[in-house]
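Notes for the one structure printed next.
Quick note: the coordinates plus some simple rules give every number you see, no bench work behind them. Everything quoted here is computed from the prediction, not taken from an experiment. Glycine also receives a Cβ, built like all others from the backbone with ideal geometry; neighbour counts cover every protein chain displayed.
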Amino acid sequence: MIDWNERITPHFTRRELGSPDTGEVRYAAGFLDSLEALRVDVDLAMAVTSGCRSPAYNQRLVDDPRYQASPTSLHMFSNPKWGIDACAVDVACTDPMVRHALISAATARGFSVGVHPRFLHLDDRTTFAGLPAAIFLYSSRISR
Ligand SMILES: [Zn+2]
């Protein structure tokens, strides 16, 4: 039985970080340390609404038109394109000042940021996939 309340880092639980189908927590080495350090930097609540995804779970989102998730999402572990485990989370965020604080602290730590009206996507594509850092926007009809 999966203990969804298990604390994986000092501030984040398996419910937040684990794949919703299996509860597995599989991130690129060092990513969760960076996320935890970011949480300490901002000293604000960070509710993770989407953490790592198994390939099967990610495929479910890809197949669901409500999400338009990427088949090579950085949320996915055993990622066939990048050969890495997950290096992305989404954090609930609707407050403009909290959004500024989170984006400032995240970019200072090298994270890339996707801005959605209801959440921020945070990933470390530069460290783990060798991609240039970016800030991108979601259209409001895309949930994640
Ligand atoms: Zn995301």
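Taking the range 1-115 as the region of interest, the helices (runs of 4 or more DSSP H) fully inside it that hold 1 or more residues being closer than 19 Å to ARG125 by Cα and among the aliphatic types (A, V, I, L, M) are 14-17, 31-42, 96-108. Only one of HIS121, HIS75 is touching an Asp or Glu at 6+ places or on another chain (Cβ under 7 Å) and touching a residue at least 24 places away in the same chain (Cβ under 8 Å); which? Answer to the check: HIS121. In the range 63-100, of all residues being within 14 Å of the ligand (Cβ to nearest atom) and among the hydroxyl-bearing types (Ser, Thr, Tyr), the one that is nearest to ARG39 (Cα to Cα) corresponds to SER73. Scanning the range 104-128 for residues that are of a type in the set (A, V, I, L, M) and more than 14 Å from the ligand (Cβ to nearest atom) returns ALA105, ALA108. When residues of the range 91-111 are filtered for being surrounded by fewer than 22 Cβ atoms within 10 Å (Cβ to Cβ) and either charged (D, E, K, R) or within 12 Å of the chain's Cα centre (by Cα) (or both), how many remain? Residues flagged as surrounded by fewer than 22 Cβ atoms within 10 Å (Cβ to Cβ) and either charged (D, E, K, R) or within 12 Å of the chain's Cα centre (by Cα) (or both) within the range 91-111 amount to 4.
Contact annotation: residue pairs with Cβ atoms under 7 Å, 6 or more positions apart or on different chains, pairing a residue in the range 10-23 that is of a type in the set (D, E, K, R) with a partner that is surrounded by 15 or more Cβ atoms within 10 Å (Cβ to Cβ) and not in a loop (DSSP other than H, G, I, E, B), are GLU16/VAL48; ASP21/TYR57.
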